[in-house]
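The structure appears below as structure tokens.
The values are calculated or read from the model by the stated rules, or taken from the named source; none is laboratory data. Bear in mind the structure is a predicted one, so any value in this text is a computation, not a measurement. Note: ideal-geometry Cβ built from the backbone for every residue, glycine included; neighbour counts use all protein chains shown.
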Amino acid sequence: MTYYKPLASAYNGDSELYETCVWIGCEAAKGKTNDLDVFNAIWNKFQTMSVCSKDGRVIGYYSTNRTTDNTINHTLITLDYLLRYNDGRCGAWADFFENVLACQGISSSQLEFSIKDSEVIYFLNTKNIFPNRIKTILQQNLNSFPGNGSPNLFGFSDHVINIFNNFLYDATCGVGDYYNSTSGFQQYLQQNVSIKCYEVDDENNENLIYTISGNEIDTTLFYNNGGL
């Protein structure tokens with residue numbers, strides 16, 4: 001039995017609940033009597049980075065070549081995809097965590113952010129680096145991910161995390177909570193991501209020229225949508 005009646009957003013396109021999402025939430029939150037305890041119990045499960053489907057399959061994050069195969073339409077790597085193939089990207093994991101909560105009647109939302117190349121170029125210029133053309137890649141700083149995944153082997157420039165009760169949580173690597181504010185978001189960025197900057201020549205060869213990390217990371221280097 002779920003904690004509350006599932007939210008409308010918990011139902012899939014066939015007007016059914018995802019069995020795995022219901023099962024994870026019910027098992028984690030068994031016996032809990034308030035929203036915060038239910039959330040914390042579910043979040044604690046995701047923090048283990050060992051989340052399994054109802055039938056015992058480990059669910060991964062960039063853990064197979066499906067997420068890095070450029071012949072696959074990555075817009076299709078959704079929650080449905082994640083639960084079917086046991087692997088997904090950040091958006092699918094954010095949807096996964098949000099759906100597990102929604103199955104218990106608990107509302108949450110998401111924050112999507114992406115690298116703002118114009119600000120990265122300005123930052124590089126302050127370091128007396130003046131590339132003609134750049135390529136930027138977002139890296140996650142941790143070494144352990146669900147399903148022994150390897151997200152940093154794939155070049156991406158955006159990321160999606162979750163928001164609950166005005167705090168930020170990253171379901172892909174179990175880090176949180178950070179206050180949903182400019183300073184809280186900056187703390188999350190400084191502790192968990194880096195930006196690799198490559199200069200691209202006329203033959204499209206890429207040369208790493210700088211890595212922005214730690215205290216050099218600033219919210220001005222990113223677009224964001226959905227929070228703060």
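Selection of segment 73-125 for residues being charged (D, E, K, R), touching a helix residue (DSSP H, G or I) at 6+ places or on another chain (Cβ under 6 Å) and not assigned by TED's automatic domain parsing to the domain that holds residue 174 yields only 95. I need the full set of residues from segment 175-188 which are buried (at least 21 other Cβ atoms within 10 Å of the Cβ) and of a type in the set (A, V, I, L, M, F, W, C), in order please. Result: 185, single match. Scanning segment 120-133 for residues that are more than 12 Å from residue 195 (Cα to Cα) and touching a residue at least 60 places away in the same chain (Cβ under 8 Å) returns 127, 129, 131, 132, 133.
Okay, residues lined up against (1) surrounded by 19 or more Cβ atoms within 10 Å (Cβ to Cβ); (2) touching a residue at least 60 places away in the same chain (Cβ under 8 Å); (3) touching a strand residue (DSSP E or B) at 6+ places or on another chain (Cβ under 7 Å):
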site: 145; (1), (2), (3): yes, yes, yes
site: 150; (1), (2), (3): no, yes, no
site: 173; (1), (2), (3): yes, yes, yes
site: 195; (1), (2), (3): yes, yes, yes
site: 202; (1), (2), (3): no, no, no
site: 208; (1), (2), (3): no, no, yes
site: 222; (1), (2), (3): yes, yes, yes
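Which of the residues belonging to segment 27-45 are part of a loop (DSSP other than H, G, I, E, B), touching a helix residue (DSSP H, G or I) at 6+ places or on another chain (Cβ under 7 Å) and either free of Cβ contacts under 8 Å to residues at least 60 places away in the same chain or in the same structural domain as residue 175 (by TED's automatic domain parsing) (or both)?
Of segment 27-45, the ones part of a loop (DSSP other than H, G, I, E, B) are 29-34.
Those still in the list that are touching a helix residue (DSSP H, G or I) at 6+ places or on another chain (Cβ under 7 Å) too: 29, 32.
Answer for segment 27-45, where residues must be part of a loop (DSSP other than H, G, I, E, B), touching a helix residue (DSSP H, G or I) at 6+ places or on another chain (Cβ under 7 Å) and either free of Cβ contacts under 8 Å to residues at least 60 places away in the same chain or in the same structural domain as residue 175 (by TED's automatic domain parsing) (or both): just 32.
Against the conditions (1) over 30 Å from residue 105 (Cα atoms); (2) free of Cβ contacts under 8 Å to residues at least 12 places away in the same chain, residue 138 satisfies every one except (2). Taking into account only those residues within segment 24-46 that are of a type in the set (Asp, Glu) and more than 26 Å from residue 81 (Cβ to Cβ), which is surrounded by the fewest Cβ atoms within 10 Å (Cβ to Cβ)? Top of the filtered list is 37.
Select from segment 46-57 the residues that are assigned to a loop (DSSP other than H, G, I, E, B) and over 16 Å from the mean Cα position of the chain (by Cα) and list them in ascending order. Outline the logic, then answer.
As a first pass, look at segment 46-57 and keep what is assigned to a loop (DSSP other than H, G, I, E, B): 48-51, 53-57.
Of everything in segment 46-57, those that are assigned to a loop (DSSP other than H, G, I, E, B) and over 16 Å from the mean Cα position of the chain (by Cα) turn out to be 53, 54, 55, 56, 57.
Among the residues of segment 47-61, just one is charged (D, E, K, R) and exposed (fewer than 13 other Cβ atoms within 10 Å of the Cβ), namely 55. Scanning segment 76-129 for residues being in a loop (DSSP other than H, G, I, E, B) and at pLDDT 95 or above gives a total of 9. Do we have any residue at all in segment 2-23 that's of a type in the set (Gly, Ala, Ser), touching a helix residue (DSSP H, G or I) at 6+ places or on another chain (Cβ under 6 Å), surrounded by 18 or more Cβ atoms within 10 Å (Cβ to Cβ) and farther than 30 Å from residue 143 by Cβ? Within segment 2-23, one or more residues are of a type in the set (Gly, Ala, Ser), touching a helix residue (DSSP H, G or I) at 6+ places or on another chain (Cβ under 6 Å), surrounded by 18 or more Cβ atoms within 10 Å (Cβ to Cβ) and farther than 30 Å from residue 143 by Cβ.
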